[in-house]
Amino acid sequence: MITDCFKTKILSLPDGAYHVFYHDKRYALSKSTHLHAKLIKLYAKRLAENDFVSLNYYPELENGLKPCEMPEEKVINFVLGLIKD
(Lines give C-alpha, C1' and ligand atoms only; values in the text may rest on other atoms or scores of the structure.)
Protein backbone atom coordinates (compact mmCIF):
# COMPACT_ATOMS: atom_id res chain seq x y z
CA MET A 1 0.00 0.00 0.00
CA ILE A 2 1.33 3.41 -0.98
CA THR A 3 1.71 5.82 1.93
CA ASP A 4 2.28 9.56 2.05
CA CYS A 5 5.84 8.79 3.18
CA PHE A 6 6.45 6.77 0.01
CA LYS A 7 5.04 9.50 -2.22
CA THR A 8 7.06 12.21 -0.47
CA LYS A 9 10.27 10.17 -0.67
CA ILE A 10 10.02 9.20 -4.35
CA LEU A 11 9.05 12.72 -5.40
CA SER A 12 11.98 14.17 -3.44
CA LEU A 13 14.56 12.04 -5.25
CA PRO A 14 16.24 14.01 -8.02
CA ASP A 15 16.10 12.81 -11.59
CA GLY A 16 19.35 11.38 -12.89
CA ALA A 17 21.77 8.59 -12.07
CA TYR A 18 23.54 8.35 -8.74
CA HIS A 19 24.41 5.94 -5.94
CA VAL A 20 22.25 5.13 -2.95
CA PHE A 21 22.52 2.75 -0.01
CA TYR A 22 19.89 0.28 1.11
CA HIS A 23 20.61 -2.00 4.09
CA ASP A 24 24.29 -0.98 3.87
CA LYS A 25 24.51 -2.16 0.25
CA ARG A 26 25.37 0.24 -2.57
CA TYR A 27 23.03 0.56 -5.56
CA ALA A 28 23.30 2.47 -8.82
CA LEU A 29 19.96 4.26 -9.14
CA SER A 30 18.38 5.94 -12.14
CA LYS A 31 15.23 8.04 -11.81
CA SER A 32 13.42 9.84 -14.60
CA THR A 33 10.19 11.83 -14.65
CA HIS A 34 7.99 11.85 -17.75
CA LEU A 35 4.66 13.17 -19.04
CA HIS A 36 4.74 16.41 -17.04
CA ALA A 37 5.35 14.53 -13.75
CA LYS A 38 2.57 12.02 -14.39
CA LEU A 39 5.05 9.11 -14.61
CA ILE A 40 8.17 8.34 -12.59
CA LYS A 41 10.49 5.53 -13.63
CA LEU A 42 13.01 4.20 -11.13
CA TYR A 43 15.59 1.47 -11.59
CA ALA A 44 18.26 0.52 -9.08
CA LYS A 45 20.87 -2.25 -9.36
CA ARG A 46 22.95 -3.47 -6.49
CA LEU A 47 26.61 -3.10 -7.37
CA ALA A 48 28.49 -6.39 -7.83
CA GLU A 49 25.27 -8.38 -7.33
CA ASN A 50 22.20 -9.44 -9.30
CA ASP A 51 19.62 -7.74 -7.07
CA PHE A 52 17.64 -4.87 -8.58
CA VAL A 53 14.50 -2.79 -8.05
CA SER A 54 12.40 -1.53 -10.93
CA LEU A 55 9.14 0.39 -10.89
CA ASN A 56 6.86 2.83 -12.63
CA TYR A 57 4.89 5.22 -10.46
CA TYR A 58 1.90 7.30 -11.52
CA PRO A 59 1.48 9.86 -8.68
CA GLU A 60 -1.95 11.02 -9.80
CA LEU A 61 -3.51 7.55 -9.61
CA GLU A 62 -4.76 6.13 -6.31
CA ASN A 63 -2.93 2.84 -6.91
CA GLY A 64 -0.31 4.18 -9.28
CA LEU A 65 2.60 1.99 -8.20
CA LYS A 66 3.53 -0.56 -10.86
CA PRO A 67 6.49 -2.74 -9.83
CA CYS A 68 8.28 -4.42 -12.72
CA GLU A 69 8.14 -8.17 -12.12
CA MET A 70 8.63 -8.01 -8.35
CA PRO A 71 6.48 -7.70 -5.24
CA GLU A 72 5.09 -4.26 -4.43
CA GLU A 73 6.40 -4.63 -0.88
CA LYS A 74 9.98 -4.90 -2.16
CA VAL A 75 9.86 -1.61 -4.06
CA ILE A 76 8.06 0.23 -1.26
CA ASN A 77 10.60 -0.94 1.33
CA PHE A 78 13.47 0.00 -0.98
CA VAL A 79 12.24 3.54 -1.65
CA LEU A 80 11.43 4.18 2.02
CA GLY A 81 14.74 2.72 3.23
CA LEU A 82 17.20 4.09 0.69
CA ILE A 83 19.80 6.66 1.68
CA LYS A 84 21.26 8.93 -0.98
CA ASP A 85 25.07 8.68 -1.25
So, in the range 70-85, of the ones that are modelled with pLDDT of 95 or more and exposed (fewer than 12 other Cβ atoms within 10 Å of the Cβ), which residue ends up nearest to VAL20 (Cα to Cα)?
-> ILE83
Looking only at the range 1-37, count how many residues are in a loop (DSSP other than H, G, I, E, B) and either closer than 14 Å to ASN77 by Cβ or in contact with a Leu (Cβ under 9 Å, 6 or more places away or on another chain) (or both).
-> 6
Sole miss for ASN63 among (1) at pLDDT 95 or above; (2) outside any strand (DSSP E or B) is condition (1)
Does SER32 meet the test of being small (Gly, Ala, Ser), loosely packed, with under 11 Cβ neighbours inside 10 Å and out of contact with any Cys (no Cβ under 6 Å at 6 or more places or on another chain)?
-> no
Would the range 14-21 turn up any residue that is of a type in the set (Gly, Ala, Ser) and touching a Phe, Trp or Tyr at 6+ places or on another chain (Cβ under 6 Å)?
-> no
Going by the conditions given, is ALA48 among the small types (Gly, Ala, Ser) and out of contact with any Asp or Glu (no Cβ under 9 Å at 6 or more places or on another chain)?
-> yes
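Residues checked against (1) out of contact with any strand residue (DSSP E or B) (no Cβ under 9 Å at 6 or more places or on another chain); (2) not aliphatic (A, V, I, L, M):
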| residue | (1), (2) |
| --- | --- |
| ILE10 | no, no |
| PHE21 | no, yes |
| ASP24 | yes, yes |
| LEU29 | no, no |
| LEU42 | no, no |
| GLU49 | no, yes |
| GLU62 | yes, yes |
| PRO67 | no, yes |
| LYS74 | no, yes |
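The values are calculated or read from the model by the stated rules, or taken from the named source; none is laboratory data. The shown structure was predicted, so the numbers you read here are calculated from the model rather than taken from an experiment. So basically every Cβ, Gly included, is an ideal-geometry build from the backbone, and we count neighbours across all protein chains shown.
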